[in-house]
Amino acid sequence: MNEPKNEIAGACDATVEEPRARFAELDFEQHGFDEKELAAVLAKEESSLLAKLVEGRQYNSRLREKEGAHDFNQADIAGRMGAVSQAYVSQLENGLVSLVGKVTRYARAAGLVVHYEVSSALDGQSIPAHSAQYNVEPSPTATVPAVGSKKL
């Protein structure tokens, strides 16, 4: 008996490039927006999110090191994520595993652009992508954003 094809099966093992390749094959011109342009914008946003998350982990690590703690390395993050290895965290940080594949697929199908904001929960500092310079002095008056905050 033939099983129905499940596109979602194995999605956790897919690389970031595989969904992008599938998106490139789709033709959504009949829906009134430039599908290829939207796909490029969504890919850029996913890449930017990844960069912000890695920068944010490194930023928090520097903050904690000033306090004498060393608990924001990949192994520590993996332990707090639960049931994932340091190698998996490394794959996430290197773009080998899609972070938001299903959100991106949904947004593309619905003709939506998704923007992500990342802030440190330690001091409220906004984390820009690919920025090596941060004010790593904790701000006593900074507001901490809600966990998972993002702009849609």
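The values are calculated or read from the model by the stated rules, or taken from the named source; none is laboratory data. Worth saying up front: this structure is predicted, and the values here are computed from it rather than measured. Counting neighbours? That spans all protein chains shown, and the Cβs are built from the backbone with ideal geometry, glycine included.
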* **Any hit, the range 65-80, residues being out of contact with any helix residue (DSSP H, G or I) (no Cβ under 7 Å at 6 or more places or on another chain), of a type in the set (A, V, I, L, M, F, W, C), part of a helix (DSSP H, G or I) and surrounded by fewer than 19 Cβ atoms within 10 Å (Cβ to Cβ)** => no
* To do: Give the range 12-36 a look and list any residue that's modelled with pLDDT of 55 or more and buried (at least 16 other Cβ atoms within 10 Å of the Cβ), or say none.
  => 35
* Structure fact -> The one condition residue 102 fails out of (1) surrounded by 13 or more Cβ atoms within 10 Å (Cβ to Cβ); (2) in a helix (DSSP H, G or I) is (1)
* What number of residues within the range 107-123 are outside any loop (DSSP other than H, G, I, E, B) and touching a helix residue (DSSP H, G or I) at 6+ places or on another chain (Cβ under 7 Å)? -> 4
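Each row is one residue, and each column tells you yes or no for (1) at pLDDT 95 or above; (2) surrounded by fewer than 17 Cβ atoms within 10 Å (Cβ to Cβ); (3) small (Gly, Ala, Ser).
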{"position": "2", "(1), (2), (3)": "no, yes, no"}
{"position": "10", "(1), (2), (3)": "no, yes, yes"}
{"position": "38", "(1), (2), (3)": "no, no, no"}
{"position": "43", "(1), (2), (3)": "no, no, yes"}
{"position": "63", "(1), (2), (3)": "no, no, no"}
{"position": "83", "(1), (2), (3)": "no, yes, yes"}
{"position": "87", "(1), (2), (3)": "yes, yes, yes"}
{"position": "95", "(1), (2), (3)": "no, yes, yes"}
{"position": "108", "(1), (2), (3)": "no, no, no"}
